[in-house]
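Trainee: Mind looking over this structure? Questions follow.
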Amino acid sequence: MEGIGAAHAFDAAGGAGMFLLGLLIAFALGALFGRTLLAPNGRFRRSSAAALPARMPDQGDGHADDLKKIPGIGPTVADALAAHGIRSYGALARTSPERLHEILRESGTPATGVRNWPTMAAFLATRER
């Protein structure tokens with residue numbers, strides 16, 4: 001075909017190839033870390049907290065985990081969370097990032113990485129049981 005050179009055809013195929021390679025890498029990393037980009041119903045997951053079982057192993061037994069293992073949670077933040085009944089990975093995993101921000105604002109405790117805490121807590125809850 002006139003007007004479409006080999007260089008243009010290569011660019012189009014190369015772009016599609018790079019997209020597919022990126023997609024393959026994303027799914028491979030998802031499999032490696034035990035999660036995928038899609039929930040079982042085919043929709044994108046908004047949070048790993050939605051994938052948690054309704055009843056975490058520590059619920060109701062009064063067990064306290066070392067929340068300071070999670071990056072961004074130090075002794076002051078752990079104390080603020082404990083004052084609101086969040087003493088275990090399961091309790092933290094079930095708490096929304098919005099609620100965590102409220103708790104920290106109420107206690108005047110600054111923190112970083114709050115949005116990731118429930119996901120990290122869910123991971124630790126399943127690994128340390």
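Trainee: Name the residues in the range 66-93 that are among the aliphatic types (A, V, I, L, M) and not in a helix (DSSP H, G or I), would you?
Mentor: I70, I73, I86 - these are the residues of the range 66-93 that are among the aliphatic types (A, V, I, L, M) and not in a helix (DSSP H, G or I).
Trainee: To continue, here is another question. The conditions are (1) modelled with pLDDT of 95 or more; (2) open to solvent by less than 30 Å² (accessible area, probe 1.4 Å); (3) outside any loop (DSSP other than H, G, I, E, B), and R99 fails exactly one of them. Which is it?
Mentor: The one condition R99 does not meet is (2).
Trainee: What do you reckon, is A39 of a type in the set (G, A, S), open to solvent by 30 Å² or more (accessible area, probe 1.4 Å) and at pLDDT below 95? Show your work before the answer.
Mentor: Details: of a type in the set (G, A, S): yes; open to solvent by 30 Å² or more (accessible area, probe 1.4 Å): no; at pLDDT below 95: yes.
Considered against the rule, which asks whether it is of a type in the set (G, A, S), open to solvent by 30 Å² or more (accessible area, probe 1.4 Å) and at pLDDT below 95, A39 comes out as no.
Trainee: Select from the range 108-123 the residues that are crowded, with 16+ Cβ neighbours inside 10 Å and touching a helix residue (DSSP H, G or I) at 6+ places or on another chain (Cβ under 7 Å) and list them in ascending order. Before the answer, list the steps.
Mentor: Going through the range 108-123, the residues crowded, with 16+ Cβ neighbours inside 10 Å turn out to be 111, 114, 117-123.
Listed by number, the residues that qualify are A111, V114, W117, P118, T119, A121, A122.
The values are calculated or read from the model by the stated rules, or taken from the named source; none is laboratory data. This structure is a prediction, so every number in the text was calculated from the model and none was measured. When we count neighbours, we look across all protein chains shown, and the Cβ atoms used for this are built from the backbone with ideal geometry, even at glycine. Accessible surface is based on the protein model in full, side chains and every heavy atom, while ligands, DNA and RNA are left aside. Shrake-Rupley method; radii C 1.70, N 1.55, O 1.52, S 1.80 Å.
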